[in-house]
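Coordinate-derived values only; no laboratory data. What you see is a predicted model; the values in this text were computed from it and never measured. With ideal geometry, Cβ positions are generated from the backbone for all residues, glycine too; neighbour counts draw on all protein chains shown.
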Amino acid sequence: MNNKCIELLQQGSLVAFPTETVYGLGADATNPDAIRKVFAAKGRPADHPLIVHLPNIEHIYQWAINIPASAIKLAHKYWPGPLTLILQKHPNVDPLITGGQNTIALRIPNHPITLQLLKDFGKPLVGPSANKYGHVSPTTAQHVLEDLGDQVAAIIDGGPTDLGIESTIVSFICDHPQIVREGLITAKQLNIMAYDKQIKASGTCKSHYAPRTPIELFDEQVITALNNYSVISFKKNLAQPSADIYWETVATDQDDYAKNLYARLRKHDKLGKDKIFIEQVPSSWSAIKDRLSRAAADKN
Ligand code: TXA
Ligand code: MG
């Protein structure tokens, strides 16, 4: 199967691949036409840069320059894994990838099928999450099919992704490393203090990861005049059962919550209710809290 996918990538076609976080929309990172196809398929603005997925750590020197030793240290510690590094881009890197910026996002994903694919292809792949721009990221091959089925040449089905939310992004552009997008590897683990919201990351637009149905977050209980809605809560439904209310009780387990978050949002979206009410998660679940508040943010 890899052979067919490699042929497609060599031809400049798009191949969606599984990672440990979410599915990526893969294309040859050295082929400008293929990169253009990625932006077109997602409907993504040209100034939202792509992550380059490397076959191995040695490739970092062909894509970035002036790499701080602390970044190399993190790469060795966490790659392959859910960590993306933002570094100064190598002058040879096509500005199409970086949205015209002089920085580049790099990572090595931790999924056996994709690691093999990268190794056999021998070149990096650009890989934004394989969803339409602004929509919920895909955690199964079926999700990719629903969003981009008519845009991709192939989807590699690696089953549901392990972690369920996108990689932590750390920028090494300023004096101190900064978290640009939170993920399951936390600032604390990385020993990074500041959380810089200024740096441009499309996943950091206020409304992102959003289903079409409006979302409202609640703390204690659902208070609403609506009678056709769905709920994601840690509590059991104590109200009168109603045909128009879909209540899902979920476990208080951070890993499980992250793993199922996007599939759950898609499922609730498909119910076509007037609103999805989601119980606020513990404040220590920082990356999940971040994704929920974006999903609930006003789309304008
Ligand atoms: O877990 C992940 O990171 C997944 C899997 C497929 O690897 N990929 C992913 O890609 O989430 P994407 O394109 O959906 O999100 C990448 C984020 C975007 O918010 C983008 O703006 C930001 O990374 N980014 C990319 N290059 C950047 C750069 N040079 N400076 C700042 N942000 C950058
Ligand atoms: Mg994305």
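Here are some notes:
- Single residue of segment 92-105 satisfying the filter (under 18 Å from residue 177 (Cβ atoms) and away from ligand 2 (no atom under 16 Å from the Cβ)) that is farthest from the chain's Cα centre (by Cα): 102
- Note on segment 117-167: residues that are more than 30 Å from residue 289 (Cβ to Cβ), in a loop (DSSP other than H, G, I, E, B) and within 14 Å of ligand 1 (Cβ to nearest atom) amount to 3.
- Selection from segment 112-144 of residues that are within 16 Å of ligand 2 (Cβ to nearest atom) and farther than 27 Å from residue 93 by Cβ: 135, 136, 139, 140, 143
- Residues of segment 22-33 satisfying the condition of being over 13 Å from residue 152 (Cα atoms) and near ligand 2 (Cβ under 10 Å from one of its atoms): 22
- A single entry from 147, 157, 162 fulfils the requirement of being acidic (Asp, Glu) and within 16 Å of ligand 2 (Cβ to nearest atom): 147.
- Residue selected from segment 97-116 under the condition of a type outside the set (Val, Ile, Thr), farther than 18 Å from residue 258 by Cβ and buried (at least 24 other Cβ atoms within 10 Å of the Cβ), by the criterion farthest from ligand 1 (Cβ to nearest atom): 106
- Residue count for segment 168-182 under the criterion of being within 9 Å of ligand 1 (Cβ to nearest atom) and outside any strand (DSSP E or B): the result is 1.
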